[in-house]
1. Could you point to the residue in Phe151, Leu53, Pro19 farthest towards the positive end of the stretch 5-151's charge dipole, with +1 and -1 charges on the Cβ of Lys/Arg and Asp/Glu respectively?
2. Hey, which aspartates and glutamates would be in cross-link range of Lys90, C-alpha to C-alpha under 14 Å, not counting anything within fewer than 8 residues on its own chain?
3. Using +1 at the Cβ of each Lys and Arg and -1 at the Cβ of each Asp and Glu in the chain, identify which of Trp89, Leu63, Gly130 lies farthest towards the dipole's positive end.
4. Apply the Karplus curve 6.51 cos²θ - 1.76 cosθ + 1.60, θ = phi - 60°, to the phi angles in the stretch 13-18 and return the couplings in whole Hz, x for Gly and Pro.
5. May I ask you to derive the relative contact order of the chain, considering only C-alpha pairs under 8 Å and at least 6 residues apart, and to give it as an integer percent?
6. Using the Karplus curve 6.51 cos²θ - 1.76 cosθ + 1.60 with θ = phi - 60°, what ³J(HN,Hα) values do you get for each residue of the stretch 141-152, in whole Hz, with x for Gly and Pro?
7. Restricting to Cα pairs below 8 Å that are 6+ residues apart, what does the relative contact order work out to for the stretch 74-131? Please round to a whole percent.
8. Which pairs break 23 Å Cα to Cα here: Lys106/Lys150; Lys37/Lys120; Lys88/Lys120; Lys80/Lys106?
Amino acid sequence: MPPLSEVQLFADGACSGNPGPGGWAFILRHVKTGKEKELFGAERETTNNRMELTAVIRGLETLTRPACVELVTDSTYVGKGVSEWLPKWKQNGWRRRENGRWAEVKNEDLWRQLDSLLLKHRVRFTHVRGHSGHPENERCDTMAVAAYQKFR
């Protein structure tokens, strides 16, 4: 079996209002060749967290074979979800504890999609501060914001 390709996935989501019109964007970079692919999209009525998740999902869906992925995002929601919450939700039948009671997992449809994609790839999460001058994060934010402008 050949070694896994190494790629970087820079992803961001943005929303005007929460809920409101939202956009997502990603940059996928092959580490060895530097080749990049950018993609973005928007929804008329959504939330920021849904757009953050959608950006990651669309980026991972673009990969045609298993890869070693460095996921770079400013979303602590995505980062904690992937590294901490997801295993517990699955173990508890896609439920979470809230105020001592079982509650539904918010955005379960997207978390399930992301979970199936995470099984195909080796993904490690790198957090960057939003709007801190990180070039790819800023580029993704700009694309995501531009994407939802058609709905304003």
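1. Leu53
2. Glu104, Glu108, Asp109, Asp115
3. Result: Trp89, furthest along the dipole toward the positive end.
4. x, 8, 9, 9, x, 8
5. In percent, rounded to a whole number, it is 33.
6. 4, 4, 5, 5, 5, 4, 4, 8, 4, 5, 9, 8
7. Details: 28 pairs, mean separation 25.0, N = 58.
Once normalised by length, the contact order is 43 percent.
8. Among Lys106/Lys150; Lys37/Lys120; Lys88/Lys120; Lys80/Lys106, the Cα-Cα distance tops 23 Å for Lys106/Lys150.
The numbers here are math on the coordinates, done by the rules we state, and not lab data. The shown structure was predicted, so the numbers you read here are calculated from the model rather than taken from an experiment. Backbone-built Cβ (ideal geometry, glycine too); neighbour counts: all protein chains shown.
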